[in-house]
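Working notes, beginning with the structure itself.
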Amino acid sequence: MTVMKTPLPAVVDVPVALAGRQYVIHVGPGLLDQLGERVAALRPTSIVVVTDPTVAALYLERAVRSLQPVARTEHFVLPASEAAKDLAAAAKVVDALVAARADRRSLLVALGGGVVGDIAGFAAAIFMRGIRFVQVPTTLLAQVDSSVGGKTGVNHAAGKNLIGAFHQPGMVLADTSLLHSLPAREVSAGLAEVVKHGLLADADYFAQVEGLMPRLLECDDAALGPVVARSCAIKAGVVGRDERESGERALLNLGHTFGHAIEAMSGYGRWLHGEAVGCGLCLAADLSRRMDLIDSGDLQRIEHAVASARLPVRIPGFERGRAIEQMRGDKKSEGGRMRFIVLERIGRAAQRLVPDAVLDATLVAGGYV
C-alpha cells in the first residue's frame, strides 16, 4: 500500500547497537504524526495499538490516522495502572491480538507511558513466541528510560517486574511535543531517571541537568530534546554492551532497589515510580557516603538535585525489617546477599555488597523505624 510522504521533523537519531542487530530511538517534536511513515519499512501485515484511557483521549486518533495507510489498524484501550500491571493485564493484550487476527508479521504499537510499554512489550514477547513492537512513549520517564533497552514485564505480589522477558522494540519514537500534556508530577517523575543517568555515567551531563532543571520542569522544548537524547544515548550504550544484564547493565538500577521496595511497601500507585526512584537515589547516595566512596558535599548536591526536580528526598514511615526483607527479594539480590549500586563518584557507579550495619544506618537516617 502506498504511503503518502510528508516532510519529517528535525529529529535526533540514537542508535541502539546490539549483537548482530540495531534499532533506532528517534527523538524530536512532531513524530506522532509521522508514525506511519516510520513504521512502513517494517512492512507489517496488520497493526494493533495498545494504549490507556488518558492517552487514548489525547493521541489515539492521530496515531491510528497515521498508521491506517500502512496496514489494517486496530486498537485496544488497556485500563493500565502500576497496581494493575500484572499477568491478567498482559493476557488482555494477548486476547486483543487474537481478536485482531494478528500473525507473526503483525506489529504491536505501545502508545503510552511505562506501564503500557511494559505490558504491551511483554505481550508482544509471548504472543506467537514473539512479534515485533514499536514504542511510542508519552511520558518523560518512558522516553528517557523504560522504552529503551527491551525490558518488558509485569508485577507479582512478591515484587516489581518479577515476570518478564527481554524483547527489543523495532524502533522507539520519542515525540517530545507530547510531554506538554503531562501533569507536573509526571514530569518530575521522569526527571528522576534523567538525574540517575548523569549520576551513574556522566558528571558533565549531571551538571547540565542541574542548570537546566527550571526549564525542564516547564517542558521547555529547547532543553528537553537534548536531555531526552542524551539520556537515551547513555542507556543505549549500556544496553548495547550488556543487553541481558549480566554485568554493566545492572548499574542502571542505581536507586531502584530502594525505590522498588518503597513502591511495594506503600502499595503500587501511591508513589509514582520516578518519585520512589528519586528517594532511592538519595538513599543510595547516603549509602555510598557511609562506605566512604563519596563525601558529604556530594551527598548534599545529589539531594539538592532531587529536591529541585520536585521529588521526595525522603519517604519515611516504613518498618526497617520489612524494607530489608523486600530488598532481599528484589531481582538485584543474589542468594539473599544484599548487592547495591553505589556511587564511587558523581558520574561513576559500581556494584557492591553492602554490610548489614551500613544499610541499617542508611535506613535509620531515611526515617525507617
Pulled fully out, how much extra length does the chain show between ALA91 and ARG270, if you take 0.36 nm times their separation in residues and subtract their Cα-Cα distance? 62.0 nm
Sort PHE340, PHE166, PHE206 by Cβ crowding within 10 Å, fewest neighbours at the top. PHE166, PHE206, PHE340
Mind checking which of ALA201, ALA88, ALA19 has the largest fluctuation in a GNM of the chain, springs on alpha carbons under 10 Å? ALA19
Assuming R0 = 45 Å, can you tell me the calculated FRET efficiency for the pair ASP204 and ALA157, based on Cβ-Cβ distance, to the nearest 0.05? 0.60
Once amide hydrogens are built 1.01 Å from N within the peptide plane, the residues lying 5 or more places from GLY255 or on another chain with amide H under 5 Å from its amide H are ILE341
If the reach is capped at under 18 angstrom between alpha carbons, list the aspartates and glutamates near LYS160, excluding any in the same chain fewer than eight residues apart. GLU82, ASP86, ASP118, ASP145, GLU193, GLU245, GLU263, GLU275, GLU325, ASP330, GLU334
Around LEU18, which amide H atoms from residues at least 5 apart in sequence, or from another chain, sit under 5 Å from its own amide H, with H modelled in the peptide plane? TYR23
Through the Karplus equation 6.51 cos²θ - 1.76 cosθ + 1.60, θ set to phi - 60°, convert the phi angles of region 200-209 into ³J(HN,Hα) values in whole Hz; use x for Gly and Pro. 8, 9, 7, 5, 5, 5, 4, 5, 4, 5
Region 104-112 - phi-based ³J(HN,Hα) in whole Hz, Karplus 6.51/-1.76/1.60, Gly and Pro as x: 5, 9, 6, 10, 9, 10, 8, 10, x
Among MET327, MET291, MET171: highest mean-square fluctuation, GNM of the chain, C-alpha pairs under 10 Å: MET291
How large is the helix-only mean residue ellipticity at 222 nm for the chain, computed as the sum of -39500 (n - 2.57) over DSSP H runs with n ≥ 4, divided by its residue count, in deg cm²/dmol to the nearest 500? -13000 deg cm²/dmol
If one builds a Gaussian network model of the chain from Cα atoms under 10 Å apart, the most fluctuating residue listed among MET128, MET338, MET213 is MET128
Give the relative contact order (percent, whole number) for region 109-211; include only Cα pairs under 8 Å separated by 6+ residues. 26 percent
Cut-off under 5 Å, modelled amide H: who pairs with PHE133 long-range: LEU108, GLY170
Contact order relative to length of the chain, as percent, for alpha carbon pairs under 8 angstrom and 6 or more apart: 15 percent
For region 83-91, in residue order, the Karplus 3J(HN,Hα) values (coefficients 6.51, -1.76, 1.60; θ = phi - 60°; whole Hz; Gly and Pro = x) are 5, 10, 7, 9, 4, 4, 5, 4, 5
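Bear in mind that the values in this text are calculations on the coordinates, not laboratory data. Because the structure is predicted, anything quoted here is derived from the model rather than measured. Note: ideal-geometry Cβ built from the backbone for every residue, glycine included; neighbour counts use all protein chains shown.
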